[in-house]
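Trainee: Following this message is one structure expressed as structure tokens.
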Amino acid sequence: MNCSIFARRGALFLIILLWIPFLASLAAEPGVSGDALYEARVEVPDRSDASRQAGIREAGLRVLSRVTGFRDPKDHPPLEPVVDELEQLVERFRIESGDNGEFSLWARFDPDSIDRRVREQGVPLWGRERPRVLVWLARRDGGDRDLLTEGDVGREAPALVQAANDRGLPLLFPIMDLEDRRTVDFADVWGGFDDRILEASGRYSPNAILIGRVENVGGDLWRSRWALYQPDGVTRWQGGVSLGDEALEDGVHELADRLARRFAVDGDIGSDDEIRLRIRGLAELEDYVRVERHLQGLTPVERVRLESLEEDTAVFRIHARGGRQSLEQAIELGDRLVRIDPTGVDGRGDAMVELRPGDALPTYRVRP
């Protein structure tokens, strides 16, 4: 037995235990903190105290809508105490004037306080980990037909963009370059050839795919049909006849409602909710810091403890709200870790697999 190897491992393990809490506090991890969910900008008539109070309330309701999944939080009785104290939960705000003399109020609310107060009311929390949804939207208006692309969504469908912002949904749109056009055209989307759409979607690595078909049925009236593809299947719904942009807004709101029901995390932690997790590919001290910070920042996670370390592999013990399923969903939505087969064909566990809730010790590898 080579004692020097174990001595070095033991020393590194001690260093990690001592340094992770310190290093993890130095900076927030880009793309994980989800700070934008707790910020909102709303229009106000002027700089008066009344406008400030009304603006903060409206901005706070938008934040609560994002983190609870409710379209209108003030209509949900358990949230009434949180709504009443929104002004006390503000970190900072400012009122700005535009070029045309209009005013807007920007406010940021304290994430920890918002999360805590929502949980205290027994309301599930839809946290920072959001599925990336790729949207294929076909519109038909008489003889005019088009597919919404990344380059024109802000100009052609601002109501859709605003609704997604209001609900905290990260939406992707196809760029429709030559590669996309070789696989998908308007007829494929409108005609329901979803297999071709799913094939073309692979390059975007989405967590979910939304296919929408919106048609003008006369005047300013529109009708919509939607299909939402997720790893476990597809759900479909139809929108009623709506005025103008309402068809797009309603589609986004229904999407948000469905995703919130799936991903919002209950606040209780039971005795069986400690999960052991194996992470491979940790070559440097910085890797341990990033992974520990990433795990601690996931919405379901209450606390993380490093149990063991061997070569490039660590085992963590994690207390998670909602148990193992909530933790695995949160990890899956992130871009830091990928699930692998703990044995693998080459013995190193490099074979990617689907999530298996029955696995005794879930194993992940750090993404390059």
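Trainee: If we scan region 296-308, do we find a residue that is modelled with pLDDT under 90 and touching a Gly at 6+ places or on another chain (Cβ under 6 Å)?
Mentor: Yes, there is a match, as at least one residue in region 296-308 is modelled with pLDDT under 90 and touching a Gly at 6+ places or on another chain (Cβ under 6 Å).
Trainee: I've got another one for you. Run down W222, W226 and say which single residue is farther than 27 Å from P73 by Cα, touching a strand residue (DSSP E or B) at 6+ places or on another chain (Cβ under 8 Å) and assigned to a strand (DSSP E or B).
Mentor: Values: W226 fails: farther than 27 Å from P73 by Cα.
It is W222.
Trainee: Okay, next question. Give, as residue ranges, the strands (runs of 3 or more DSSP E) completely inside region 272-321 that count at least 2 residues that are among the hydroxyl-bearing types (S, T, Y) and in contact with a strand residue (DSSP E or B) (Cβ under 8 Å, 6 or more places away or on another chain).
Mentor: By residue number, no strands (runs of 3 or more DSSP E) qualify.
Trainee: Look at region 83-110 and say how many of its residues are assigned to a helix (DSSP H, G or I) and modelled with pLDDT under 95. Can you show your working first?
Mentor: Within region 83-110, the first condition is being assigned to a helix (DSSP H, G or I), and the residues that meet it are 83-84, 86-89.
So of that shortlist, the ones also modelled with pLDDT under 95 come out as none.
Summing the residues that are assigned to a helix (DSSP H, G or I) and modelled with pLDDT under 95 in region 83-110 gives 0.
Trainee: Now a separate question. Tell me, yes or no, whether region 173-190 has at least one residue that is under 29 Å from R66 (Cα atoms) and surrounded by fewer than 12 Cβ atoms within 10 Å (Cβ to Cβ).
Mentor: no
Trainee: Within region 241-255, can one find any residue that is in a strand (DSSP E or B), in contact (Cβ under 8 Å) with a residue 24 or more places away in the chain and closer than 22 Å to G127 by Cα?
Mentor: No, region 241-255 has no match at all.
Trainee: Which condition from (1) in contact with an Asp or Glu (Cβ under 8 Å, 6 or more places away or on another chain); (2) part of a loop (DSSP other than H, G, I, E, B); (3) closer than 30 Å to F186 by Cα; (4) charged (D, E, K, R) is the one that R71 breaks?
Mentor: Every listed condition holds for R71 apart from (3).
Trainee: Look through region 206-234, keep the residues that are among the charged types (D, E, K, R) and under 18 Å from D141 (Cα atoms), and return whichever of them is surrounded by the most Cβ atoms within 10 Å (Cβ to Cβ). Before the answer, list the steps.
Mentor: Narrowing region 206-234 to residues among the charged types (D, E, K, R): 213, 215, 220, 223, 225, 232.
Narrowing the set further to residues that are under 18 Å from D141 (Cα atoms) leaves 213, 215, 220, 223, 225.
On the way: R213: 19, E215: 17, D220: 11, R223: 16, R225: 17.
Across region 206-234, the extreme among qualifying residues is R213.
Trainee: Of the numbered conditions (1) at pLDDT below 85; (2) more than 30 Å from S113 (Cβ to Cβ); (3) touching a Ser or Thr at 6+ places or on another chain (Cβ under 9 Å), I279 satisfies every one except a single condition; which is it?
Mentor: Going through the list (1) at pLDDT below 85; (2) more than 30 Å from S113 (Cβ to Cβ); (3) touching a Ser or Thr at 6+ places or on another chain (Cβ under 9 Å), I279 breaks only (1).
Trainee: For region 133-161, give me each residue that is part of a helix (DSSP H, G or I) and under 18 Å from S224 (Cα atoms).
Mentor: V153, E156, P158, A159, L160, V161
Residue-wise test of (1) in contact with a helix residue (DSSP H, G or I) (Cβ under 8 Å, 6 or more places away or on another chain); (2) closer than 17 Å to D266 by Cβ.
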residue: E292; (1), (2): yes, no
residue: T299; (1), (2): yes, yes
residue: V315; (1), (2): no, no
residue: V338; (1), (2): no, no
residue: D341; (1), (2): no, no
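Trainee: Cβ contacts < 8 Å: first residue hydroxyl-bearing (S, T, Y), restricted to region 65-86; second residue outside any loop (DSSP other than H, G, I, E, B) and surrounded by 16 or more Cβ atoms within 10 Å (Cβ to Cβ), any location; separation 6+ or different chain. Result?
Mentor: S65/P73; S65/D166; S65/R167; T68/L79; T68/V118; T68/L125; T68/A260
The values are calculated or read from the model by the stated rules, or taken from the named source; none is laboratory data. Please read these numbers as outputs of a predicted model, since none were measured by experiment. Don't worry about glycine lacking a Cβ; one is built from the backbone with ideal geometry, like all the others, and counts go over all protein chains shown.
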